[in-house]
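The structure appears below as structure tokens.
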Amino acid sequence: MSISAYVEGIYQNQTTAFLECDAFLKLENGLSDPAAYDAFICNVYQTHQNSPKYFSFLMCVAPPKATERIKHNLLEELGVDEEDGYAHPDLLEALIHGAGLAHHMFFLRSAAQSSMRETICDPLLYASLRELGLAAMVEVFSFEYMLAHASTRIANMLASHRGLGEESLIWFRHHSEVDIAHAQEALLTIDDTYAYYDFDEEEAKDIIDMALRENVFIKRYFDTFALAQSMEFL
Amino acid sequence: MKIIKLSIDALEIPFIERFRHSLKDRTFSDSVIVRVETDTGHVGYGEGVPRPYVTGETVHSVVQHITGVLWPQISNEMIHSRSIVELLMRLVPLSNLGENHNAARCAVETALIDASLKGDAIGLHDILPARLPFVTYSGVITAGSPKSVYKRASQLKRIALNHVKIKVGVHNAIECVAAAREALGEQVVIRVDANSSWSLKEAIEILHALNRYRVSSCEEPLPAREWKQLAMLRQATSIPLMADESLLSIEDAQSMVDHQAIDLFNIRLSKCGGIGPSLRIIDFARKNNIGYQIGAHVGETAILSSIGRHFAAYVGDAQFVEGSYGTLLLTEDIARTSPRFGHKGVGRLIKGHGIGVKILEERIIKYSVLHLDLMP
């Protein structure tokens, strides 16, 4: 089994767990309070608002063979890959405005920055960027994979039960279109990284398992309580 | 300064993964956080970790003891950072009518220390100056199958931990330690913790078998306070024995020495009643040539992680240090900057006023399942 197949297996399981968790099913079935839809939208914003920064980091650590792929991804995030492109952070702001949550914007930006600060300040577990890069890569790419498989369902859910118009859902629609390709490219990049940095299989799997040990989709799009409930921890 | 308000919050912070040992299966942290406010406007945070099977305390008993016994003792007293630890040994009683209230005491003591240090704009490192440039932490592996132990040991090897403790039971202890040794290689120091789960006969047999895996110590092999049996086991094995659940007080320490029953103490701040009582046990250990480790309770938050860091750096001669797992176990910690250890288990020294970490009140509120305010 290639290392990307191993990673894809984890992504698949986590995506399924996300789409089948109570918190998501309640949203999708229109059973949640309006506040739960608002919280979900705000969490999506906070999770992805800094994505270009994470892609910039990945570009630094990616092997030469994969640099162009990540560069393309980064330019797309910034909305400069084509003439009439949209910066993804702007699409996320459109989501917040469309949901009538603009009054939360200052708080959301600040929370996203705090989250990034925590990530940066956490002591490093690994000795070099080789291991750290692989760990960060599999976590960042996990969202590409999940969104490729779930963003249409999420957009439809927000349209049906939160009444969001298409102009607010461009970020999700865009990901459902392009992330199938991105997800495949991401897996290719993971294989390239594995080969370029001479990981052995057990080492790579240990790092991947540590990086993906919690379902970040449930944790970030909902909260730690939903994550605990999905594991029957609370 | 005077304490004008004391708040208690019992937290339930979910874990990332289940943590098991022979006495308990945990999925969330259940720390009790004490927050004190002074008449000078300073706020201090403390933490206690009630464990019914260790100190006999529950969240409920901790709340009751703080409310009924400790709060009346401190609410009208002047506190100051100079000699604060000694002052609190007098002000905050260690036990009450023979019952053990160490976690409650630890929570109150550490909150008062934090507040008083902040009041004088100094840090815990000023009254407990570090003798080490950094603190090196052990990893801990939850009880499980040999396969799961191998996997976790292999992960700990990736982050280059030099000391690893394995939680073991009766049935597969030897296989689990063998798996860990295979994954970790020969250089890593392995300890085992039976959490009181073995009989004397089982302990002798298992420790004999574990000799080949070069286990450096065995923690709490027998039911707590079976001093005579512990002494017999000590005679029967060459693996040093460490007391944990058996060691709650200086009296316990004295009993073990009197029975020649122990080689090492596991001193955990909450279990032993806070900084003052823990320092007394360490002093006793040194005088009696007993080695010790600074331990931690599973699920401690940034408050006890930070205090534990200061404490371990100050005492300087602990053989092993545990704790500071932070978000390796908790889905979220309660400090702005995590005091979690990093590569090789290294935890940097913590500076700043008080205990040196900025506590996020919104996280305490988020995870609080019980809140109580006390005022004079």
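The values are calculated or read from the model by the stated rules, or taken from the named source; none is laboratory data. Bear in mind that the values here come from a model prediction, so they are computed numbers and not experimental data. Positions of Cβ are backbone-derived with ideal geometry, glycine not excepted, and every protein chain shown enters the neighbour counts. Heads up: the accessible areas ignore ligands, DNA and RNA and are worked out on the full protein's heavy atoms, side chains in. Shrake-Rupley method; radii C 1.70, N 1.55, O 1.52, S 1.80 Å.
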Inset, instruction - Check the range B:356-371 and report whether any residue there is open to solvent by 20 Å² or more (accessible area, probe 1.4 Å), in a loop (DSSP other than H, G, I, E, B) and facing another protein chain (nearest Cβ under 10 Å). - result: yes
Inset, instruction - Kindly indicate which of B:T55, B:T27 is among the hydroxyl-bearing types (S, T, Y), free of Cβ contacts under 8 Å to residues at least 60 places away in the same chain and within 30 Å of B:N172 (Cβ to Cβ). - result: B:T27
Legend entry - Subset of the range A:121-163 [among the charged types (D, E, K, R) and buried (at least 19 other Cβ atoms within 10 Å of the Cβ)]: A:E131, A:E144, A:R162
Legend entry - Residue in the range B:260-270 that is surrounded by the fewest Cβ atoms within 10 Å (Cβ to Cβ), counting only those that are within 23 Å of B:P93 (Cα to Cα) and touching a Ser or Thr at 6+ places or on another chain (Cβ under 6 Å): B:I267
Legend entry - Check on A:A102, open to solvent by less than 50 Å² (accessible area, probe 1.4 Å), touching a residue at least 24 places away in the same chain (Cβ under 8 Å) and among the small types (G, A, S): no
Inset, instruction - Among the helices (runs of 4 or more DSSP H) lying completely within the range A:165-234, list those that include at least 1 residues that are more than 25 Å from B:K151 (Cβ to Cβ) and either touching a Ser or Thr at 6+ places or on another chain (Cβ under 6 Å) or open to solvent by less than 20 Å² (accessible area, probe 1.4 Å) (or both). - result: A:170-196, A:216-221, A:224-230
Legend entry - Scope the range B:185-209; condition within 26 Å of A:E202 (Cα to Cα), open to solvent by less than 10 Å² (accessible area, probe 1.4 Å) and among the hydrophobic types (A, V, I, L, M, F, W, C); matching residues: B:I190, B:V192
Inset, instruction - State yes or no: is B:A296 in contact with a helix residue (DSSP H, G or I) (Cβ under 9 Å, 6 or more places away or on another chain), among the small types (G, A, S), crowded, with 22+ Cβ neighbours inside 10 Å and more than 14 Å from every other protein chain (Cβ to nearest Cβ)? - result: yes
Inset, instruction - Please identify the pairs in which a residue from the range B:240-258 that is within 25 Å of B:R214 (Cα to Cα) has its Cβ atom under 6 Å from the Cβ atom of a residue that is of a type in the set (K, R), counting only partners at least 6 apart or on another chain. - result: B:L241/B:R234; B:S246/B:R225
Inset, instruction - Having 1 or more residues that are of a type in the set (F, W, Y) and either closer than 26 Å to B:I350 by Cβ or open to solvent by 20 Å² or more (accessible area, probe 1.4 Å) (or both) is the bar; report the helices (runs of 4 or more DSSP H) wholly within the range B:82-184 that clear it. - result: B:146-158
Legend entry - Inter-residue pairs, beta-carbon under 6 Å, first in contact (Cβ under 8 Å) with a residue 12 or more places away in the chain and farther than 17 Å from A:F199 by Cα and in the range A:131-150, second hydroxyl-bearing (S, T, Y) and open to solvent by less than 20 Å² (accessible area, probe 1.4 Å), 6+ apart: A:S142/A:Y11; A:Y145/A:Y11; A:M146/A:T15; A:H149/A:T15
Legend entry - Output for the range A:23-66, where each listed residue is of a type in the set (G, A, S), in a helix (DSSP H, G or I) and surrounded by 19 or more Cβ atoms within 10 Å (Cβ to Cβ): A:A23, A:S51, A:A66
Inset, instruction - Being touching a residue at least 40 places away in the same chain (Cβ under 8 Å) and part of a helix (DSSP H, G or I) is the filter here, so list the residues in the range A:114-130 that pass it. - result: A:S115, A:M116, A:L129, A:R130
